There are 2 protein chains.
Amino acid sequence: MAWARKILRVNLTKGTCESEPLNMEWAQKYLGQRGLGTKYLVEETDPKVDPLAPENKMIMATGPLTGTAASTAGRYSVITKGALTGAIACSNAGGFFGNELKNAGFDMIIFEGKSPKPVYLLLEDDNARLLDAAAFWGKSVWDTEEGIKAKHQDPQLRVASIGVAGETGCKYAAIVNDMHRAAGRSGVGAVMGSKNLKAVAVRGTQGVKIDNVEAFMAAVNAGKAVLAGNAVTGEGLPAYGTQVLMNVINETGALPTRNHRDVQFEGAAKISAEAMVEPRRSDGKPNLVRNAACFGCTIACGRISTIDRTHYTVADRPQYHGASGGLEYEAAWALGAATGVSDLDALTFANFICNEQGMDPISLGATIGAAMELFDMGVITSKETGGVALTFGNTQAFTTIVELTARGEGFGADIALGSKRMCEKYGHGELSMSVKGQEFPAYDSRGIQGMGLTYATSNRGACHLRSYTVASEILGVPEKTDPLSSDGKAGLVMAFQDATAVVDSVGLCVFTTFAWSLDDIAPQIDAACEGDWSVENLLKAGERIWTLERQYNLAAGFTGKDDTLPKRLLKDAAKTGPAKGKVNRLDVMLPEYYQLRGWTPNGVPTNETLSRIQL
Amino acid sequence: MAWARKILRVNLTKGTCESEPLNMEWAQKYLGQRGLGTKYLVEETDPKVDPLAPENKMIMATGPLTGTAASTAGRYSVITKGALTGAIACSNAGGFFGNELKNAGFDMIIFEGKSPKPVYLLLEDDNARLLDAAAFWGKSVWDTEEGIKAKHQDPQLRVASIGVAGETGCKYAAIVNDMHRAAGRSGVGAVMGSKNLKAVAVRGTQGVKIDNVEAFMAAVNAGKAVLAGNAVTGEGLPAYGTQVLMNVINETGALPTRNHRDVQFEGAAKISAEAMVEPRRSDGKPNLVRNAACFGCTIACGRISTIDRTHYTVADRPQYHGASGGLEYEAAWALGAATGVSDLDALTFANFICNEQGMDPISLGATIGAAMELFDMGVITSKETGGVALTFGNTQAFTTIVELTARGEGFGADIALGSKRMCEKYGHGELSMSVKGQEFPAYDSRGIQGMGLTYATSNRGACHLRSYTVASEILGVPEKTDPLSSDGKAGLVMAFQDATAVVDSVGLCVFTTFAWSLDDIAPQIDAACEGDWSVENLLKAGERIWTLERQYNLAAGFTGKDDTLPKRLLKDAAKTGPAKGKVNRLDVMLPEYYQLRGWTPNGVPTNETLSRIQL
């Protein structure tokens, strides 16, 4: 129970949709969502496949708790080989789409092949159809979602789609569901676009059965009480959203600024949570409209904002308008500090474009930041940018380039490559602030040492959501460690990685872990699912999932040498703040990490390790 | 399938919650919701019971299509003996509560007995608990719903509750779910209050299984196309809501005005759909904010309005604010034309009080209209009203009395009796514009003859939703008949009554029948449910349900003599408009109706009839 025990297999080449039983043996070993989706990808594809080839598959997967009454249980993940990275990709989204997919009676959808023409999948319970998407191709996420709902006259449909960025092959194109929640990173939207799959629209009424309702509700309600009583999940996130971090991380001296040249941004306060509630609009109101919760979430960290209609329009585009999701901290940082732009309206506008056309704002902002450094160096000039003076902090240049990128036009086509390819194109690969081709998020690893090891070893490329040691190093959760010290960080990172793999695989939001340990989560899983879901077994599953992803990457051609950071972080010391004089000590942490993992000094899991975790 | 096949039985006296299998033999004969709930009530209670006694039961029931992907399939009904009427009561509500109840895995909840103290039911899938409602007793519907969601930290909870009106025993107290959808008529909220049951909060993740998904989705989608293509359901209702009728019915000369003294209201245009979109508020915007759809509805007739905060406040109440549901046509008529009040803001304010404290606006407005007539006659004076000059059209007097009624204070306690008891108290029972104690809705039966027979024979007292012949007589659906002629109306009413009983029992909204006949509905039911659901079988079920309700009322003590109308409609001719000079010809229609039904001249079903319909 809890699992729907059923997979939908969609062959886009043949145009077929077929249902098959879920492999329950795998479900017991890999739970669901991230873990189970990866298992299917590993079993069914060649890790050396071109991410954009028809032979790559794209899996949309729920977890066993998705759609249940557990707090935050509305999530789903997209698992594929990442277009940005060439590594295993797993992008996790909130909103309401995941719940609907589970309610349609499926644990996952496996998309294979490539459609000869643009299509979308309409899934109404057991009734799956591929329909012509010609009318939606070239349209934004917003127009596509509204158009599909109107066409099928079903306001209850939940839609995940790509915008123009996914169609034109932006390497960090996102899949956006429920208008503004995104499976954002690693270019899963580019993979979807390469398959000529514009959207997935789902309506489900099949429900989610769980093993022991009474025990489950007791565990769920106990869990909710813990979330409500916690300062981060019960107060900070609901009141301020993730943007609560902007000033905190800036003061810590770990806010990467202007392509990581600096670690503190003089404009941080102007783009912070506090700024979002100041009156800014022509009607005297702030940009922030309200907060918003995903399905079943009792934290409600989401923000909805609006900006004046007349901001930042380009010639061929009518006045921009409407409210949408954001700003989140990561987006505000990448679009702002990383580019030196401190105009909150411009960042919100750019974030709306990301929602509307389906792009990862982290990679977008970071790549623009890198281009600005190259412009500053004279490597890129107005000739390449089409006359745009792409200097750090130039608001108008920034918004113009964002729009061009969404459409894949002009210099936007270079930005759409991501920082690694773009910097290499201009002969300066070292200026791409990325790992395995994926741009860093909003924590400078000179000021938060554990995040350096997190980034270097993350299986999907630089990522804060694979082991958010910021919780320990800055917020003191579950216990405070020194952000400037590398001591003990290998163990901390490994523990966070394995626990997070469980959370991502079971169908919960990683933000619960500010308050929950596996001691809070295990009783919920154990009551909902058959099997023995003790904390010990869950941790073993987490390690198994992590190592399976590692194996995929090794088979794809990555080696231990890819577990590294750009020289800037390893050699150029932070110039200001508490981390002044510090570089990241990956050299110390990485060998210790390999040893703890039971991997060889080259970063390869030993047979003994694989055997121990039943891989 | 389609049915959850399970009942929750809540004994409030004992404080127990127990699950039991649904009687599937009855389900095959009475479908669900209205029909099946009535069957359980008939089998389990004495029809002579005092509606407010613990021995009366209150049943919240879904239909087999509730929670499916069918358009409008979010409804539920409350079945009990009506506090206002002493007759069978079945009040049907939209919103999202019905879908949630079905998803919790129950077709219905049967509440029996009376709790020794205020409680609410928390139902989380199979986990049902009665909890102390002391903190919510005395609170409004809005505060109760928000309070319960906050207490249990579940934004996905759906809540149906009573306000202060239901607690203080207002005879037409409603049960309000989702903040502004109501099981509105016959005083079902007073029954709930008499049981010390403040609220029912439900969260369900069990889904709804249907027999043949492919056939079902084909039927559902064909049905949606019919709704979209129809002028009423595809254009009129979405664009203007039910208020589209105000000017139409006024021009027809069938808009009951000032307690049915007149049939046309000089202020109709001021309180119409057109007025709702005119700028009125201090910010230059109209009252109407947007339209709104219930669960799964593709019509979206609902309206959301807001009024300026400073309107119509009383001394001990802070400024009124917020947006809420309305105005609907019936509410605008009853609060407006029936009282002679043509101030749209005042009507919207009064309607908000109905949403907030749980009252039926039809009975409220009509009872105030009757009191105004008595005030006009000098029977009721300022002494009784506490100094309020309760003259027709007095806006301030009207809003004051509405607030007093919600709280059961002062002259409001008299208005809370309903027009029959109130008029009888003052020696003028003939001025109650009601049948079986329930006030008329917004169609004067002198101008629309079929509605007179509809009202007189309606099993729950005067009601437009038991056979809405307005569709035929005014809108020409399915075919036009002459509203001023009584010819053929007996057959028309019977056909509408039986078909509507099917729609109400299966889980759909009666508004679909502007576009759908049973030919559109039968394939949806047949694909979803086991059994043979041909149109013929459905019509037989409809007749069976109608007659079962009749049998309940006869056993409760009603006779054919109660199938009548107030003298005003039978003797006093309409003074203006197309119906000028007309009275209602119930004398002609009723005998024909009895004969068509296979009832004796006294209105009692013959044994032959009962046998034919398997009763």
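Quick note: the coordinates plus some simple rules give every number you see, no bench work behind them. Remember, predicted model here, so these are calculated numbers, not experimental data. All Cβ positions, glycine included, derive from the backbone under ideal geometry; neighbour counts span all protein chains shown.
Charges were assigned to the Cβ only: +1 to each Lys and Arg, -1 to each Asp and Glu. The resulting dipole of the stretch A:230-438 about its Cα centre is roughly 260 debye.
Placing +1 at every Lys and Arg Cβ and -1 at every Asp and Glu Cβ, with all other atoms neutral, what dipole size does chain B have around its Cα centre, in debye to the nearest 20? Intermediate results must be reported in sequence, preceding the final value.
Working: 61 positive and 68 negative charges, 168 e Å.
With only Lys, Arg, Asp and Glu charged at Cβ, the dipole is about 800 debye.
Residues of the stretch B:138-168 with the amide nitrogen closer than 19 Å to a label point 7 Å from the Cα of B:Lys285, along Cα-to-Cβ, please. The answer is none, because no backbone nitrogen lies closer than 19 Å to the label point. Taking every pair of distinct Cα atoms and averaging 1/r, then inverting, what Kirkwood hydrodynamic radius in Å comes out for the protein assembly as shown? 32.0 Å is the Kirkwood radius here. Neighbour counting of Cβ atoms within 10 Å sorts the residues A:Ser432, B:Ser445, B:Ser161, B:Ser342, fewest neighbours leading, into B:Ser342, A:Ser432, B:Ser161, B:Ser445. Evaluated over the stretch B:370-483, the count of Lys pairs having alpha-carbon atoms less than 24 Å apart is 4 (only pairs 8 or more residues apart or interchain). A label point on B:Val289, set 7 Å along the Cα-to-Cβ line, lies at 1.2 nm from each of its counterparts in the other copies, closest listed first.
Near B:Leu465: Cβ cut-off under 10 Å, other residues only, Lys/Arg at +1 and Asp/Glu at -1. The net charge is +1. Within the same chain, lysines fewer than 8 places from A:Lys102 are excluded, and of the rest, those with a Cα less than 21 Å from its Cα are A:Lys6, A:Lys29, A:Lys39, A:Lys57, A:Lys149, A:Lys198, A:Lys209, B:Lys102, B:Lys209.
Summing charges over all other residues whose Cβ lies under 12 Å from the Cβ of B:Gly412, with Lys and Arg as +1 and Asp and Glu as -1, gives -3.
First measure r as the distance between the Cβ atoms of A:Ala225 and B:Ala135, then evaluate 1/(1 + (r/R0)^6) with R0 = 22 Å and state the FRET efficiency to the nearest 0.05. My answer for the efficiency is 0.80. For the peptide B:153-161, the mean number of other protein chain Cβ atoms found within 10 angstrom of a residue's Cβ is 4. Taking every DSSP helix (H) stretch of at least 4 residues in chain B, weighting each as -39,500 (n - 2.57) and dividing the sum by the residue count yields a mean residue ellipticity at 222 nm of -10500 deg cm²/dmol.
Once you sort the root eigenvalues of the Cα gyration tensor of the stretch A:176-260 as a ≥ b ≥ c, which label holds: rounded (a/c under 1.5), prolate (a/b larger than b/c) or oblate (the other case)? Taking the square roots of the gyration eigenvalues as a ≥ b ≥ c, the stretch A:176-260 is oblate. Copy-to-copy label distances for A:Ser611, where each label lies 7 Å from Cα along Cα-to-Cβ, are 8.4 nm in order of increasing length. Placing R0 at 60 angstrom, the Cβ-Cβ distance between A:Lys425 and B:Glu479 gives a FRET efficiency of 0.25 after rounding to 0.05.
Measuring r between the beta carbons of B:Lys561 and B:Glu25 and using R0 = 35 Å, the FRET efficiency lands at 0.50.
When the Cα positions of A:Gly37, A:His260, B:Ile271 are compared along the charge dipole of the protein assembly as shown, B:Ile271 comes out farthest toward the positive end, with charges on each C-beta of Lys, Arg, Asp and Glu.
Remark: mean inter-chain Cβ contacts per residue of A:295-304 equal 2, using a 10 Å Cβ-Cβ cutoff to other protein chain atoms. For the residues of A:196-209, the average number of beta carbons from a partner chain within 10 Å of their own beta carbon is 4.
In debye, nearest 20, what is the charge dipole magnitude of the stretch A:109-203 about its Cα centre with +1 on Lys and Arg Cβ and -1 on Asp and Glu Cβ, if you could check? Intermediate results must be reported in sequence, preceding the final value.
On the way: 13 positive and 11 negative charges, 64 e Å.
Roughly 300 debye for the stretch A:109-203.
Report, to one decimal in Å, the Kirkwood hydrodynamic radius for chain B based on all distinct Cα pairs.
It works out to 23.8 Å.
Compactness of the stretch B:230-438 is given as radius of gyration and Dmax, 16.7, 53 Å, from Cα positions. A simple rule links phi to the HN-Hα coupling: the Karplus curve 6.51 cos²θ - 1.76 cosθ + 1.60 with θ = phi - 60°, which for the stretch A:479-491 gives 8, 6, 10, 7, x, 8, 9, 8, 4, x, 6, 4, x Hz, with x for Gly and Pro.
Between the DSSP loop rule and a limit of at most 16 other Cβ atoms within 10 Å, which trypsin sites (Lys or Arg not before Pro) in the stretch B:42-109 are left?
Values: sites: B:Lys48, B:Lys57, B:Arg75, B:Lys81, B:Lys102; in loops: B:Lys48, B:Lys57, B:Arg75.
Those satisfying the criteria are B:Lys48.
So for the stretch B:460-615, taking the charge dipole from beta-carbon charges (+1 Lys/Arg, -1 Asp/Glu), which of B:Leu596, B:Pro483, B:Pro523 sits furthest toward the positive end? Working it through, the farthest residue towards the positive pole turns out to be B:Pro483.
Copy-to-copy label distances for A:Lys117, where each label lies 7 Å from Cα along Cα-to-Cβ, are 6.9 nm in order of increasing length.
Of B:Val388, A:Val176, how do they rank once you tally other Cβ atoms within 10 Å and put the fewest first?
Taking fewest neighbouring Cβ atoms as first place, the list is B:Val388, A:Val176.
Positive contributions from Lys and Arg (+1) and negative ones from Asp and Glu (-1), summed over other residues with Cβ under 13 Å from the Cβ of B:Ala134, come out at +2. Computed from label points 7 Å out along Cα-Cβ, the spacing between A:Glu214 and A:Thr13 is 5.3 nm. Secondary structure note: in the stretch A:6-203, about 75% of the DSSP beta bridges are antiparallel. Note on B:Met377, B:Met494, B:Met108: ascending count of other Cβ atoms within 10 Å places them as B:Met377, B:Met494, B:Met108, the fewest first.
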